[in-house]
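Shown next, in structure tokens, is the structure this report addresses.
The values are calculated or read from the model by the stated rules, or taken from the named source; none is laboratory data. Quantities reported herein were computed from a predicted structural model and do not represent experimental measurements. Methodologically, a virtual Cβ is constructed for each residue, glycine included, from the backbone with ideal geometry; neighbour enumeration extends over all protein chains shown.
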Amino acid sequence: MTNLDILLQAQLGKVPGVVAMATTATDTLYEGAAGHRDAAGMVAMTTDTIFGLASMTKAVVSVAALQEIDAGRLSLDAPIAEVLPALAAPMVLEGFADDGTPRLRPAVGAITLRQLLSHSAGFGYDTWNAEIARFHTAAKIPRLPESPAELARIPLLFDPGTAWNYGINTDIVGLAVEAASGKRLDVALADGVCGMLGMNETGFEVPAERRARMATTRTRAPNGTLGDAGFPMDRGIRYCMGGGGLQGTGRDYLRFIRMVLNGGMHEGTRVLSPAMMAEVARNQLAPGVRVRRMVSGNPARSNDAEFFPGMEKHWSAAFMINAEPAPTGRNAGSLAWAGIANTYCWIDQKAGVGGVFMAQLLPFADPAVLDGFAAFERAVYELVTRQ
């Protein structure tokens, strides 16, 4: 049993089940699993377990959009209304009248793909923004836009490009990929980034023969007791949610990480141009704009969340960037993000290493999972240093 195996076993009793994997640009360094993937605790967690990737979907869909730029069908800085006319006249939410009617004003400036990719377009999530939650209730529209008509009714929280706010931006990026490619998003991914990387067990729908490998999402109550969230929930192909609909394995996601570590290459095939890979690696936010702490308005879905509190953080065309070295060993300029059911990934291009730490547990930013992720990351850097 390796030190990493011992570390994973130490998560038992803290986290129902976890899969952890790490890779260099060429080879898998480690893969392991601990605990159980079912609510009854009868089925062992395995390295081929299928997880709801949730917002780890965002980086994959962002790369699909960058592939559309490589193909000449999208642009980083043209108004996104050129492919999504529903966003031609965005409105900014400025509060509510005494009778509860939303107060809206026209936005200053057009929304661009660069802003959507970097979460600076002005959109939010109801989980971390009470005003957006109130608006959805008042306007009687769904949390996530499934059509251009619904998209046209969702307001911004600020003028495009002027601040950072985590939100439905990548769902809109998915709609832009569909409009530009002429393909439904699942097909665009299968023909593009996922197909090129051999991510054959990642998609918006889990075939019947793989469903037994899906992890059940648990819930942790404030007193620490665990419940069953009613997952796995396979949304199917009715709607391909670009901001969070993919389900897949840790092994598949390592392929994606290796592509980034290799500068957009995979086994001799160029997946993304050097120019677009540069956008994946560099800050896209306007001067003075920073990634902020995400304050929860829905404790059942998420705790307050901030990676490396107090550290300056930026956002690239696909990932969060830590602007300073992290205490886990992560170099400044590394890339990372997560999914709401406590799945996490990081990519350190300077050190040539990355990995995933994946649970299926709500609410997001579970302290025990975050502690396990940090311990795993530190152990991976220790392993790389010894080699």
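Restricting LEU246, LEU197, LEU156 to those that are among the aliphatic types (A, V, I, L, M) and over 30 Å from VAL295 (Cα atoms) reduces the list to LEU197.
The number of residues in the stretch 362-373 that are surrounded by fewer than 24 Cβ atoms within 10 Å (Cβ to Cβ) and outside any loop (DSSP other than H, G, I, E, B) comes to 5.
Within the bounds of the stretch 86-104, is there any residue that is of a type in the set (Asp, Glu) and buried (at least 19 other Cβ atoms within 10 Å of the Cβ)? No, the conditions are met nowhere in the stretch 86-104.
When GLY124, GLY167 are checked against the criterion of being small (Gly, Ala, Ser), surrounded by 14 or more Cβ atoms within 10 Å (Cβ to Cβ) and touching a Phe, Trp or Tyr at 6+ places or on another chain (Cβ under 6 Å), a single residue qualifies: GLY167.
One line per residue, one yes/no per condition, for (1) of a type in the set (Val, Ile, Thr); (2) part of a loop (DSSP other than H, G, I, E, B); (3) more than 23 Å from LEU335 (Cβ to Cβ):
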{"residue": "GLY174", "(1), (2), (3)": "no, no, no"}
{"residue": "MET196", "(1), (2), (3)": "no, no, no"}
{"residue": "ARG210", "(1), (2), (3)": "no, no, yes"}
{"residue": "ASN223", "(1), (2), (3)": "no, yes, yes"}
{"residue": "ASP252", "(1), (2), (3)": "no, no, no"}
{"residue": "ILE257", "(1), (2), (3)": "yes, no, no"}
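Of all residues in the stretch 98-133, those that are of a type in the set (A, V, I, L, M) and modelled with pLDDT under 95 total 3.
Looking across the stretch 57-85, the residues that are crowded, with 20+ Cβ neighbours inside 10 Å and hydroxyl-bearing (Ser, Thr, Tyr) come down to THR57, SER62.
Let's see how each residue does on (1) assigned by TED's automatic domain parsing to the domain that holds GLY264; (2) among the polar types (S, T, N, Q):
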| position | (1), (2) |
| --- | --- |
| PRO160 | no, no |
| ALA176 | no, no |
| LEU189 | yes, no |
| ASN200 | yes, yes |
| PRO207 | yes, no |
| ARG218 | yes, no |
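Tallying residues that are in contact with a Lys or Arg (Cβ under 9 Å, 6 or more places away or on another chain), farther than 19 Å from PRO102 by Cβ and in a helix (DSSP H, G or I) within the stretch 132-170 yields 2.
Which one of ALA351, ALA332, ALA336, ALA318 is at pLDDT 95 or above, under 23 Å from GLY264 (Cβ atoms) and assigned to a strand (DSSP E or B)? From the options ALA351, ALA332, ALA336, ALA318, the qualifying one is ALA336.
Of the residues making up the stretch 185-199, those that are over 13 Å from VAL61 (Cβ atoms) and in contact (Cβ under 8 Å) with a residue 24 or more places away in the chain are MET196, LEU197, GLY198.
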